[in-house]
Amino acid sequence: MKDEEKESENGKEKINKPSEQRIIDTGSVLMGDGVHTVYCLTIIGQIEGHTILPSQNKTTKYEHVIPQLVAIEESAQIDGLLIILNTVGGDVEAGLALAELIAGMKKPTVSIVLGGGHSIGVPLAVATKHSFIVPSATMTIHPVRMNGLLLGVPQTMDYFQRMQKRINQFIADHSHISLERLNELSLNTKELVLDIGSVLEGPQAVDEGLIDSLGSLSDAIGALYEMIDEDRRAQKNKGGNHGEKKRKSESKESKQKSV
């Protein structure tokens, strides 16, 4: 009896250990209610791109997130993806690459902004099929900027403008805000003292059409479960229609043979 108890305890450790290790390594966790299985992915701190940031910085490494997104999309055991955002922004190309991957997923996806979803965190927030923000969170919209050596030539300004256009177009395509209004908020000179742009609080982000809904964690999970259920119903109906077409085709073939 004691041996069985020891084995069951060891079994629990084996089940829990990978989940605990996943949280430590990537800040992600696989969860569910017995009916839905959801992968929770956190994007926090600064999004690290091609340059390694100092060790004291909290970062999200895009080379870690990309394979996770691919695995989630291809996994038959995972029904949906919940993304929790609290980021100051970071590498533009890395953030936009992650946003494009999320937007291209077929599985149900929901994001929720906690604390802040600033700069390149905005495309990441709107990339999911439905986005949430808590009332106390903020989102900063500002023009793209660059660190390091810059050449004072017209080509540099042209490069900045083209990069900003790509970011704004993605945001407008995946939210309900117009491109014109997004440019207005980005080039606002009356709000920030040492910068240019706008800071939107939770309710403002929803009113502007940047974020879909104001809500909490339970709202985001509930919306994701509903999307999963709808996806299952759609697949079931599709399968039923396919089966009916197949039966009609077989019936037609048998009639032709008998004739």
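The values are calculated or read from the model by the stated rules, or taken from the named source; none is laboratory data. Bear in mind the structure is a predicted one, so any value in this text is a computation, not a measurement. Because the Cβ atoms are built from the backbone with ideal geometry, glycine has one as well, and the counts that use them run over all protein chains shown.
Structural remarks
- Test: Ala223 is at pLDDT 95 or above and touching a Leu at 6+ places or on another chain (Cβ under 6 Å): no
- Listed conditions (1) free of Cβ contacts under 8 Å to residues at least 40 places away in the same chain; (2) under 22 Å from Gly222 (Cα atoms) are all met by Ser119, apart from (2).
- Taking the stretch 208-225 as the range and being part of a helix (DSSP H, G or I) and surrounded by 15 or more Cβ atoms within 10 Å (Cβ to Cβ) as the test, the residues that pass are Asp219, Ala220, Ile221, Ala223, Leu224, Tyr225.
- If you check Thr60, Thr26, Thr42, Thr37 for being modelled with pLDDT under 85 and at negative phi, only one passes: Thr26.
- Residue match in the stretch 190-200 (condition: touching a strand residue (DSSP E or B) at 6+ places or on another chain (Cβ under 7 Å) and without any contact (Cβ under 8 Å) to a residue 24 or more places away in the chain): yes
- Leading residue by the ranking (nearest to the chain's Cα centre (by Cα)) among those in the stretch 138-178 that are more than 18 Å from Gly90 (Cα to Cα) and modelled with pLDDT of 95 or more: His174
- Single condition Ala205 does not satisfy, out of (1) in contact with a Leu (Cβ under 7 Å, 6 or more places away or on another chain); (2) part of a helix (DSSP H, G or I); (3) small (Gly, Ala, Ser): (1)
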